[in-house]
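Colleague: Okay, here's the structure, questions in a sec.
The values are calculated or read from the model by the stated rules, or taken from the named source; none is laboratory data. Predicted, not measured: the structure shown is a model, and the values here were computed from it. Reconstructed Cβ throughout: ideal geometry from the backbone, glycine too, with neighbour counts over all protein chains shown.
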Amino acid sequence: MKLHRILLAPSLGTILIFMALPIAITTLFSVLTPAQYGGVIWEPSAEAYIRLLFERDIFDDTLTFNADYLQILGRSVLQAGIATVLCLIIGLPTAWFIATRPAGQKSLWLMLVTVPYWVNLLVRTIALLLILRDEGPINGTLQSMGLTDGPLPLAYNNFAIGLGLVSSFLPFMILPLYAAIERFDFSLLEAAYDLHANRRKAFFAVVLPILRPGLIAGGLLVFIPGIGSYLAPDILGGGKTLMLGNLIGMQFQGSRNWPFGAALSTILMAVTLVALFIVARRAAREDA
Amino acid sequence: MSLLDTRSKDIRNLPGFGLTAGFTVAFLYAPIVFLVLYSFNDGRSISRLDGVSLRWYGQVFANEEIGGAALNSVLLAVIAATLATVMATAAALAMVRMRVRRKAAAYAVLNFPLMVPEIVTAIASLIFFSSVGLGLGFGSLVVAHTTFCIPFAYLPITARLTSMDPALETAAADLYARPWRRFALITLPLLAPGLMSGWLLAFIVSLDDFIISSMLSGPGSTTLPVHIYSMLRLGITPEVNAVSSLMVLASALVVITSGLIARKQS
Amino acid sequence: MQDHGDACRLTGLGRTYGRGATAHHALDGIDLAIRANEFFTLLGPSGCGKTTLLRLIAGFDQPTTGEIAIFGRNVAGLPPEDRPVNTVFQHYALFPHLTVAQNVGFALRMLGRPQAEIASTVGRMVELVGLEGMEQRRPDQLSGGQKQRVALARALAPGPKILLLDEPLSALDAKLRQRMRSELKALQRETGITFVFVTHDQDEALAMSDRIAVMQGGRVQQLGRPEEIYEAPANRFVADFIGGANLIPARIGAQGAQAEGLGVVPATGAIGADVTLAIRPERLSILPTEQQQPGDLGPLTVAERIYMGNELSFRLEGATVPLHVTLPRGGLRGAQDFGLGEAVCLRADPGAIRVLAS
């Protein structure tokens, strides 16, 4: 065997056997029949996918349309989408600011925004809940200053989940944008001013199009983990509003409907791969 | 140099951007700062500061379950990071220094774990380990963590290897070093900072994981995040604060270490 | 074998990259004999195959066809670590994590020499290249010139039979390059080692070499001493690449070469043959047309005059190609100067006109 094969075999083998194969098996499980206490019975069934859209009457087996699960799916996409846009709105100026600092300050700022990512996500989510709660410092300050009578509902709702997603994934938006701005040739901006563009026009006509690959990369890095996120909706949403990640998790904990959970995660995986594929193809086309 | 050099800073500075950057940093740090602050609170309340005390830390250190979970987490992260680093190094050597057929496909496989949403990895691993009869527990955790750590270890190692002048290895060959000595005396020492960064990144990523561990850990193999999560059933107690703050401390240590490595590298 | 006088003998050496229609012949049937103890230079523009040739001798790459013999021993298929040659790399390739002394002693350590011998050789080499006191420094604490010396000492330490140098001076600034030229030449004389030197810089090649092989398109265009290469270029490429030359199309007639607009130029060859006349710009004199004699070129018009400090450069129109002449300022010709539009003729120094096949 060639040396390069021996060197590549362990890593590629591990990923194929313990990541790709399990995902393939999961897809297979999504078309099997659920067993009563978790697991599956080896009988093909499309029930998991039917269940996504319809409710089956327990007595006469008739199907009625049920949008509950679609709503959860839609909410996940929406929440992740909003979080992505928010990350962009605060991430782009931040990345720009960092990239235009003098060399010495640059690495300090960069460290400042990346260090929180090294802190455990569960811990960060708990910390966010701590300050958003009714008894937390924000509400405490507002009330003691007499600005609000009662506590503002900051925690346990979609707002908190959104905030959680933004704080979880913001560094993923900042880093690729920073890399793109760092490479940006600022004499182009001078040229734009020279050619009578004002600040706003120069920014939208020159800067944004050039930063697009960075924007897309950052957007993807926030959006994809956002859709499937588990901790933010679970802890900050107080379990009241489900997202796709929690719905999937539930099928393997309380509800024990493995094929349904497998179907949901197959859909999540498919959405992810399609998004990545489209972006990769566009990137390849732009390179050519 | 800018043509309009008298005030070239103006061109790059855009209004409000500095303020946003400041807000970003405040937004990222404020929760963590409060978490740590309240962990030193003497009272049971987590909304009112009643004086400084280390009593909750005392309780955390006295709690054997937390200790066991912490030990599991560290052991798991060390083993997974080490295995992932070894495999990633071998892969990086082949990908950067050798001619590999279907390199794009190999690259896609190496990066595949980065593309899979965590929840999918979690339930796919659960299904896999329980249906092939390997069962759940520490062994399965090690395998799953090693797998998703590989690309994280791979990234800094390839970056380092790519930036290394291949002429150095050629020069060593020219100066009579046989292949294994070239590797041991030239490639490996020069790769060392990349190996350390890769290992640390894999270590922190393993330590960060909650969802995969919560699906795969059996009795006795609970990791610290999984244990903290179970503590949350009683709400955010001062103990949760204290143990979370300890995790912040652990992350800070890792960050400082990798910062020192990066400084040495440059 | 009777070629033991040759340090390196290359026979029918070829290196092809790729296959079929996209194949690129980096080297195309090279036959060369590099003599022992000579300073041999491979000179040519980038992409001419000179670096490929060096890499084949070093063993970093394997030839597609042909043979390499080093002091009579066929080294085909041998890896670099089994060849008695060492290389000075273009960007030095010093091991950044090792000290100067460790870099210089690296090969001896690999060869398993005893510590005492390594220490004394390293000391001698460091002294040879004038780096005493720098032994414990690391490469990033050295200047470009010092790195260059370490690279030399490191390659010389194991006592190679041939030292290969891959554009070793290209990363240095102009002043340092001048000094390193003489030092390299002196080092070669002192050590008696065969140097094979790769460069694209003709001045470097002319100044240092015993013999030069001018390369282009994967082939050797001319092989000879610096004087031969410069004075008697074998073809248009060599004439143009080394020092630059006026290349004038002409046809051989009974009295000499007939060049359009220039009259009859003294030259010999097969009557009726189309040739190229090569004349160096500095070997032409400019005269007012009144002084034109038979054999002089012209009449021509001054189209451009460039002041270059120590010399004047003229471009003259009137022939099929523009002609360039440089006049030194000072000396016998120095008094001369001509204005734009002036009608002049040219007189070549005796023997300055080379007749090349077109």
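Colleague: Being over 14 Å from C:Thr276 (Cβ atoms), crowded, with 17+ Cβ neighbours inside 10 Å and touching a residue at least 12 places away in the same chain (Cβ under 8 Å) narrows it down to one residue among C:Ile212, C:Ile252; which is it?
Modeller: When all the criteria are applied, what remains is C:Ile212.
Colleague: So, one more: Collect the residues in the stretch C:152-162 that are more than 9 Å from chain B (Cβ to nearest Cβ) and part of a helix (DSSP H, G or I), keeping them in residue-number order.
Modeller: Once the filter is applied, which keeps residues that are more than 9 Å from chain B (Cβ to nearest Cβ) and part of a helix (DSSP H, G or I), the stretch C:152-162 yields C:Leu152, C:Ala153, C:Leu156.
Colleague: On to the next question. List the helices (runs of 4 or more DSSP H) inside the stretch A:158-216, counting only whole elements, that have at least 3 residues being within 19 Å of B:Thr24 (Cβ to Cβ) and polar (S, T, N, Q).
Modeller: Where helices (runs of 4 or more DSSP H) fall fully within the stretch A:158-216, none carries at least 3 residues being within 19 Å of B:Thr24 (Cβ to Cβ) and polar (S, T, N, Q).
Every residue, every condition in (1) under 30 Å from B:Arg12 (Cβ atoms); (2) in contact with a strand residue (DSSP E or B) (Cβ under 6 Å, 6 or more places away or on another chain); (3) surrounded by fewer than 16 Cβ atoms within 10 Å (Cβ to Cβ), yes or no:
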| site | (1), (2), (3) |
| --- | --- |
| A:Lys201 | yes, no, yes |
| A:Ala217 | yes, no, no |
| A:Val222 | yes, no, no |
| A:Pro225 | no, no, no |
| A:Gly228 | no, no, no |
| A:Leu231 | no, no, no |
| A:Ser265 | no, no, no |
| A:Val271 | no, no, no |
| A:Ala275 | no, no, no |
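Colleague: Within the stretch B:211-223, does at least one residue satisfy the condition of being surrounded by fewer than 21 Cβ atoms within 10 Å (Cβ to Cβ), in a loop (DSSP other than H, G, I, E, B) and within 14 Å of chain C (Cβ to nearest Cβ)?
Modeller: No, the stretch B:211-223 contains no residue that is surrounded by fewer than 21 Cβ atoms within 10 Å (Cβ to Cβ), in a loop (DSSP other than H, G, I, E, B) and within 14 Å of chain C (Cβ to nearest Cβ).
Conditions (1) under 24 Å from A:Gly164 (Cβ atoms); (2) modelled with pLDDT of 90 or more, marked per residue:
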site: A:Ser229; (1), (2): yes, yes
site: A:Leu244; (1), (2): yes, yes
site: A:Pro259; (1), (2): no, yes
site: A:Ala263; (1), (2): no, yes
site: A:Thr266; (1), (2): no, yes
site: A:Ala270; (1), (2): no, yes
site: A:Ala275; (1), (2): yes, no
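Colleague: Let me ask another. Can you list the strands (runs of 3 or more DSSP E) lying wholly within the stretch C:164-268 that have 1 or more residues being within 30 Å of C:Pro294 (Cβ to Cβ) and out of contact with any helix residue (DSSP H, G or I) (no Cβ under 6 Å at 6 or more places or on another chain)?
Modeller: C:246-252, C:257-259, C:263-265
Colleague: Can you tell me which residue is farthest from A:Trp258 (Cα to Cα) among those in the stretch A:22-66 that are part of a strand (DSSP E or B) and of a type in the set (A, V, I, L, M)?
Modeller: A:Leu63
Colleague: Kindly list, by first and then second residue, each pair from a residue in the stretch A:103-117 that is modelled with pLDDT of 90 or more to a residue that is outside any helix (DSSP H, G or I) and buried (at least 19 other Cβ atoms within 10 Å of the Cβ), limited to pairs with Cβ atoms under 8 Å and residues at least 6 apart or on different chains.
Modeller: That search, which allows pairs on different chains as well, returns nothing.
Colleague: For the stretch C:6-81, which strands (runs of 3 or more DSSP E) that fit wholly inside it have 2 or more residues that are under 22 Å from the mean Cα position of the chain (by Cα), of a type in the set (Asp, Glu) and surrounded by fewer than 22 Cβ atoms within 10 Å (Cβ to Cβ)?
Modeller: Output list reads C:24-35.
Colleague: Of all residues being closer than 15 Å to A:Val271 by Cβ and assigned to a loop (DSSP other than H, G, I, E, B) in the stretch A:219-241, which is nearest to the other protein chains (Cβ to nearest Cβ)? Just the residue, please.
Modeller: The extreme case among them is A:Gly228.
Colleague: Among the residues of the stretch A:25-44, are any within 12 Å of another protein chain (Cβ to nearest Cβ), surrounded by fewer than 17 Cβ atoms within 10 Å (Cβ to Cβ), free of Cβ contacts under 8 Å to residues at least 40 places away in the same chain and under 23 Å from B:Leu141 (Cβ atoms)?
Modeller: yes
Colleague: Follow-up. From B:Ala80, B:Ala104, B:Ala124, B:Ala108, grab the single residue that is crowded, with 22+ Cβ neighbours inside 10 Å and more than 9 Å from every other protein chain (Cβ to nearest Cβ).
Modeller: B:Ala80
Colleague: Considering each of B:Ala159, B:Ala202, B:Ala242 in turn, give the residue that is more than 8 Å from every other protein chain (Cβ to nearest Cβ), surrounded by fewer than 22 Cβ atoms within 10 Å (Cβ to Cβ) and in contact with a helix residue (DSSP H, G or I) (Cβ under 8 Å, 6 or more places away or on another chain).
Modeller: The unique qualifying residue is B:Ala159.
Colleague: To continue, here is another question. Going by the structure shown, is C:Val302 more than 18 Å from C:Glu231 (Cα to Cα), at pLDDT below 85 and surrounded by 14 or more Cβ atoms within 10 Å (Cβ to Cβ)?
Modeller: no
Colleague: Assuming A:Arg75 fulfils every condition listed in (1) of a type in the set (Lys, Arg); (2) away from chain B (no Cβ under 14 Å); (3) free of Cβ contacts under 8 Å to residues at least 12 places away in the same chain apart from one, which condition is it?
Modeller: In the conditions (1) of a type in the set (Lys, Arg); (2) away from chain B (no Cβ under 14 Å); (3) free of Cβ contacts under 8 Å to residues at least 12 places away in the same chain, A:Arg75 misses (3) alone.
Rundown of residues vs (1) over 16 Å from C:Leu262 (Cα atoms); (2) basic (Lys, Arg); (3) in contact with a Ser or Thr (Cβ under 7 Å, 6 or more places away or on another chain), yes/no style:
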{"site": "C:Ser285", "(1), (2), (3)": "no, no, no"}
{"site": "C:Pro288", "(1), (2), (3)": "no, no, no"}
{"site": "C:Gln292", "(1), (2), (3)": "no, no, no"}
{"site": "C:Leu297", "(1), (2), (3)": "no, no, no"}
{"site": "C:Phe314", "(1), (2), (3)": "yes, no, no"}
{"site": "C:Ala319", "(1), (2), (3)": "no, no, no"}
{"site": "C:Leu327", "(1), (2), (3)": "yes, no, no"}
{"site": "C:Leu340", "(1), (2), (3)": "yes, no, no"}
{"site": "C:Arg347", "(1), (2), (3)": "no, yes, yes"}
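To keep it simple, each residue is scored yes or no on (1) within 13 Å of another protein chain (Cβ to nearest Cβ); (2) surrounded by 15 or more Cβ atoms within 10 Å (Cβ to Cβ); (3) not aromatic (Phe, Trp, Tyr).
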position	(1), (2), (3)
A:Leu112	yes, yes, yes
A:Tyr117	yes, yes, no
A:Leu132	yes, yes, yes
A:Leu147	no, no, yes
A:Arg183	no, no, yes
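Colleague: Which residues, taken from the stretch B:83-101, are more than 7 Å from chain A (Cβ to nearest Cβ) and surrounded by fewer than 20 Cβ atoms within 10 Å (Cβ to Cβ)?
Modeller: Scanning the stretch B:83-101 gives B:Val86, B:Val96, B:Arg97, B:Arg99, B:Arg101.
Colleague: For the stretch C:98-121, name all the residues that are buried (at least 19 other Cβ atoms within 10 Å of the Cβ), among the aliphatic types (A, V, I, L, M) and within 13 Å of chain B (Cβ to nearest Cβ).
Modeller: Selection gives C:Val104, C:Ala107, C:Leu108, C:Met110, C:Ile118.
Residue by residue, here is whether (1) away from every other protein chain (no Cβ under 12 Å); (2) touching a residue at least 12 places away in the same chain (Cβ under 8 Å) holds:
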position	(1), (2)
A:Gly140	no, no
A:Tyr156	yes, yes
A:Phe172	no, yes
A:Ala179	yes, yes
A:Ala192	no, yes
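Colleague: Any idea which of A:Leu92, A:Leu16, A:Leu12 is within 12 Å of chain B (Cβ to nearest Cβ), in contact with a Phe, Trp or Tyr (Cβ under 9 Å, 6 or more places away or on another chain) and either charged (D, E, K, R) or within 30 Å of B:Thr82 (Cβ to Cβ) (or both)?
Modeller: Result: A:Leu16 is the single residue among A:Leu92, A:Leu16, A:Leu12 that is within 12 Å of chain B (Cβ to nearest Cβ), in contact with a Phe, Trp or Tyr (Cβ under 9 Å, 6 or more places away or on another chain) and either charged (D, E, K, R) or within 30 Å of B:Thr82 (Cβ to Cβ) (or both).
Colleague: Of the numbered conditions (1) touching a Leu at 6+ places or on another chain (Cβ under 8 Å); (2) within 7 Å of chain A (Cβ to nearest Cβ); (3) without any contact (Cβ under 8 Å) to a residue 60 or more places away in the chain, B:Pro113 satisfies every one except a single condition; which is it?
Modeller: With (1) touching a Leu at 6+ places or on another chain (Cβ under 8 Å); (2) within 7 Å of chain A (Cβ to nearest Cβ); (3) without any contact (Cβ under 8 Å) to a residue 60 or more places away in the chain applied to B:Pro113, the lone miss is (1).
Colleague: Only one of these conditions is not met by A:Arg256: (1) crowded, with 22+ Cβ neighbours inside 10 Å; (2) farther than 25 Å from A:Ile131 by Cβ; (3) not acidic (Asp, Glu). Which number is it?
Modeller: (1)
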